[in-house]
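The values are calculated or read from the model by the stated rules, or taken from the named source; none is laboratory data. Source: prediction; values computed, not measured. No Cβ is skipped: glycine too gets one built from the backbone with ideal geometry, and neighbour counts run over all protein chains shown.
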Amino acid sequence: MPTITQLKELYRLSDTDHESTYRLIANKYLSIVVPLDKPAAYYLAGQPGSGKTALRKLLYDGLAGNSVILNTDDLREYHLEII
């Protein structure tokens with residue numbers, strides 16, 4: 001079984017791939033929001049059915065829609081080795 005270090009090396013993107021992948025993600029997720037002087041981050045995690053989606057909707061509404069929602073499952077499509 002590979003170690004964490006081995007897995008990191010196996011799936012590490014080149015600097016060029018990393019930069020182009022970052023640009024794709026940033027264009028998709030950051031182009032729709034207005035920059036804030038004091039941005040905040042909220043990280044939600046929990047078991048299925050624990051209320052993450054309901055809380056996300058409350059946060060989104062409370063921020064007047066000026067928020068970025070990242071679902072890590074959605075980001076997998078951007079990694080060339082995981083597709």
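A few notes on this one:
- None of Ser20, Ser50 is modelled with pLDDT of 85 or more, surrounded by 10 or more Cβ atoms within 10 Å (Cβ to Cβ), out of contact with any helix residue (DSSP H, G or I) (no Cβ under 7 Å at 6 or more places or on another chain) and in a loop (DSSP other than H, G, I, E, B) except Ser50.
- Any hit, the stretch 28-43, residues being touching a residue at least 40 places away in the same chain (Cβ under 8 Å) and either of a type in the set (A, V, I, L, M, F, W, C) or touching a Leu at 6+ places or on another chain (Cβ under 8 Å) (or both): yes
- The set of residues in the stretch 67-76 being surrounded by 11 or more Cβ atoms within 10 Å (Cβ to Cβ) and either more than 16 Å from the chain's Cα centre (by Cα) or free of Cβ contacts under 8 Å to residues at least 12 places away in the same chain (or both) consists of Asp74 alone.
- Residues that are surrounded by 12 or more Cβ atoms within 10 Å (Cβ to Cβ) and more than 19 Å from Arg76 (Cβ to Cβ), drawn from the stretch 23-41: Val33
- Filtering the stretch 53-74 to residues that are of a type in the set (Val, Ile, Thr) and either in a helix (DSSP H, G or I) or at positive phi (or both) leaves Thr53, Thr72.
- Filter result for Gln6 (part of a helix (DSSP H, G or I) and at pLDDT 90 or above): yes
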